[in-house]
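> The structure under discussion is supplied below as structure tokens; questions concerning it will follow.
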Amino acid sequence: MQIESQLTAAIQAAIKTLYGQEVPEKMVQLSATKKEFEGHLTLVVFPFLKMSRKAPEATAQEIGQYLVENLPDVVARFNVIKGFLNLVIADACWVALLADIRQQERYGMKPVTPESPLVMIEYSSPNTNKPLHLGHVRNNLLGWALAQVMEANGNRVVKTNIVNDRGIHICKSMLAWLKWGNGATPESTGKKGDHLIGDYYVAFDKHYRAELKELTEQFVLSGLSAEEAAEKAEKESPLMQEARAMLVKWEQNDPEVRALWKKMNDWVYAGFDETYKALGVGFDKIYYESQTYLEGKEKVMEGLEKGFFYRREDGSVWANLNAEGLDEKLLLRADGTSVYMTQDIGTAKLRFQDYPIDKMIYVVGNEQNYHFQVLSILLDKLGFKWGKDLVHFSYGMVELPNGKMKSREGTVVDADDLIEKMIEEARVKWQEKPLSNSPRGGEDSLSSQADTSGKAALPPAGGAGRGTSEGAAVARIVGMGALKYFILKVDARKNMLFNPEESIDFNGNTGPFIQYTYARIRSILRKAQFEALPALHAELSEKEIAIIQHLAAFGAAVQQAGTDYNVSVIANYCYDLAKEFNGFYHDFQILKEPDEQKRAVRLALCEAVAKVIKSGMGLLGIEVPERM
């Protein structure tokens with residue numbers, strides 16, 4: 001914020017002039033003045049008392065007087081409350097800041113250069129035995145938004161995906177398709193490939209459970225206890241034995257198994273691509289575990305030779321992490337097959353070969369916290385410079401009001417169904433909204449209900465026509481905006497309950513409320529035929545200053561979101577800005593303001609608010625419609 005930078009420099013000069021001491025920038029603590037006091041920015045003077053050797057009130061008075069005398073264009077006046085110096089910033093400064101916001105193309109964001117640090121972000125990480133579900137939706141939206149935020153903080157970003165395309169779970173779907181698929185294809189069934197394969201994963205589990213029940217009953221009749229019978233049934237299940245045999249064939253590069261695996265995976269990838277497109281996410285590089293697990297085994301053997309790991313009598317390879325306060329971790333099974341940790345090491349090796357990574361961020365659920373704690377240690381031991389400082393962007397589980405999801409039982413919330421439901425819900429909500437009467441005779445109202453509580457009815461007058469292609473586009477934008485915002489406004493570390501109906505509400509802290517605020521501001525600017533403004537000069541109300549001050553905090557919000565890896569900071573910033581603007585709009589005229597300069601400033605304010613809302617929502621991957 002330019003005003004804060006000017007003040008900080010002036011306060012440093014004041015301390016040197018008044019008390020003969022030089023102080024670093026970090027000692028100058030400026031924050032927004034509390035609403036119950038007059039002022040815009042407050043300086044905490046307690047850090048300077050040893051230098052001034054005076055009481056807090058006297059120290060604050062001297063610094064305030066210095067600022068008024070030496071920075072009159074910035075500090076109009078001041079007041080002192082104990083050890084706090086409250087500064088009233090001159091209107092001209094706020095107007096100049098408003099003009100600056102309007103002119104900057106990437107306001108609040110840092111530039112990215114070829115020398116910027118390279119951050120790689122892994123997200124999505126799907127299995128090729130089922131379609132993407134609600135948990136994947138949260139993962140993808142968080143990963144994409146984090147990538148945008150990290151880039152806005154001046155980093156080069158590589159968005160990457162690791163696809164789990166090998167293992168027993170993949171073989172289950174393949175075997176089920178062979179047994180009960182009758183040659184079904186996406187074309188013959190009219191189903192997306194990922195949905196088709198997911199059906200066979202569920203079918204395998206259904207037949208497997210039935211088989212286990214039958215075997216268990218037989219073993220109980222033969223005299224085994226229920227527990228012994230269940231254990232024996234799992235070991236001797238013909239269906240599971242077939243699946244394991246297929247996995248062995250896959251590992252041995254059996255041509256028939258590999259051909260089937262490739263065909264079915266290709267169906268899944270085509271389906272994934274459709275879902276990713278609908279979600280508005282993508283990747284710069286995709287890795288596949290079928291390609292990385294061998295690299296991981298090679299790297300583990302290298303660590304074994306160097307003494308980082310050890311081999312047990314059964315031939316398995318382990319890492320002893322007792323010195324780090326952890327337990328021992330399996331890296332290769334006795335039969336030489338790899339585990340997830342091995343695959344992650346192999347993926348890391350390939351990525352490090354492909355990119356000069358400065359920081360690696362894994363977007364993975366919090367059930368894998370321990371896994372990434374271990375991975376960080378192992379990568380550091382193996383010589384990856386970013387291994388020790390890798391970031392596990394750990395997020396909580398997402399559930400629906402009716403409870404948890406289970407892939408094997410087919411009770412997951414399918415991502416495609418959810419997307420379709422959200423868009424349809426947006427269309428229905430829109431059609432249900434009655435035309436509202438503007439409190440100002442239809443001038444440019446957000447609604448007769450718009451106030452600081454963040455409520456706004458949705459008057460469609462002058463917006464996109466219902467039932468038109470533009471209307472369909474708005475329904476998509478609003479539906480997806482509702483979904484994305486509802487998920488991203490929650491601190492990722494928390495478990496969350498996703499309620500589709502609540503998310504699509506046009507009142508309160510929702511995506512549609514913010515989108516509607518943007519659309520109506522754009523409507524105001526169109527009606528004003530607003531293009532360029534002359535130099536702005538006007539007295540500002542406290543509400544106008546509050547909005548400009550909020551706009552000025554956008555860069556700090558972007559920085560905090562990047563530093564804390566918390567994209568919800570941006571979501572809630574956008575909501576607060578929209579709510580602040582609605583409160584201003586409720587109390588002040590814009591188009592009908594008779595004073596030309598005041599009207600010009602308010603139009604500039606509208607433009608700046610719309611610009612920052614669009615930028616902030618864009619960081620979250622959320623579109624904002626020009627009309628609604």
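> So which residues in segment 219-233 are surrounded by 13 or more Cβ atoms within 10 Å (Cβ to Cβ) and part of a helix (DSSP H, G or I), if there are any at all?
Once the filter is applied, which keeps residues that are surrounded by 13 or more Cβ atoms within 10 Å (Cβ to Cβ) and part of a helix (DSSP H, G or I), segment 219-233 yields PHE219, VAL220, GLU228, ALA229, ALA230, GLU231, LYS232, ALA233.
> Just one of the numbered conditions (1) out of contact with any Leu (no Cβ under 9 Å at 6 or more places or on another chain); (2) closer than 23 Å to GLU289 by Cβ is not true of GLY325; which one?
(2)
> Could you please tell me which pairs satisfy a Cβ distance under 8 Å, a separation of 6+ or placement on different chains, a first residue in segment 181-194 that is surrounded by 19 or more Cβ atoms within 10 Å (Cβ to Cβ), and a second residue that is of a type in the set (Asp, Glu)?
Close Cβ pairs (under 8 Å, with a partner that is of a type in the set (Asp, Glu)) amount to LYS192/GLU274; LYS192/ASP416; GLY193/ASP266.
> Restricting to segment 137-194, name every residue that is under 21 Å from TYR288 (Cα atoms) and of a type in the set (Val, Ile, Thr).
VAL137, VAL157, VAL158, THR160, ILE162, VAL163, ILE168, ILE170
> Moving on to the next point. Run down TYR573, TYR585 and say which single residue is crowded, with 24+ Cβ neighbours inside 10 Å and of a type in the set (Ser, Thr, Tyr).
Result of the check over TYR573, TYR585: TYR585.
> Turning to a different aspect of this structure: Between residues in segment 145-157 that are on the phi < 0 side of the Ramachandran plot and residues that are hydroxyl-bearing (Ser, Thr, Tyr), which pairs lie under 6 Å by C-beta distance while being six or more apart or on different chains?
Note: pairs meeting the criteria are ASN155/SER116; ARG156/SER116.
> If you don't mind, another one. Any residue at all in segment 344-359 that is exposed (fewer than 14 other Cβ atoms within 10 Å of the Cβ), assigned by TED's automatic domain parsing to the domain that holds TRP177, farther than 30 Å from LYS484 by Cβ and over 26 Å from the mean Cα position of the chain (by Cα)?
Yes, segment 344-359 contains a residue that is exposed (fewer than 14 other Cβ atoms within 10 Å of the Cβ), assigned by TED's automatic domain parsing to the domain that holds TRP177, farther than 30 Å from LYS484 by Cβ and over 26 Å from the mean Cα position of the chain (by Cα).
> Name the residues in segment 277-331 that are hydrophobic (A, V, I, L, M, F, W, C), outside any loop (DSSP other than H, G, I, E, B) and buried (at least 19 other Cβ atoms within 10 Å of the Cβ), would you?
LEU279, VAL300, VAL317, ALA319, LEU331
> If you don't mind, another one. Is at least one residue of segment 380-398 modelled with pLDDT under 90 and assigned to a strand (DSSP E or B)?
Looking for residues that are modelled with pLDDT under 90 and assigned to a strand (DSSP E or B), one finds at least one in segment 380-398, hence yes.
> Within segment 270-326, work out how many residues are closer than 16 Å to VAL374 by Cα and of a type in the set (A, V, I, L, M, F, W, C).
9
> What are the pairs with Cβ atoms under 7 angstrom where one residue, in segment 298-322, is farther than 18 Å from GLN343 by Cβ and the other, located anywhere, is among the aromatic types (Phe, Trp, Tyr)? Sequence gap at least six, or different chains.
Partner pairs satisfying both residue conditions: TYR310/TRP318; ARG312/TRP318; ASN320/TYR310.
The values are calculated or read from the model by the stated rules, or taken from the named source; none is laboratory data. Quick caveat: nothing in here was measured; it's all calculated off a predicted structure. Cβ sites come from the backbone with ideal geometry, for glycine too, and all protein chains shown count toward neighbours.
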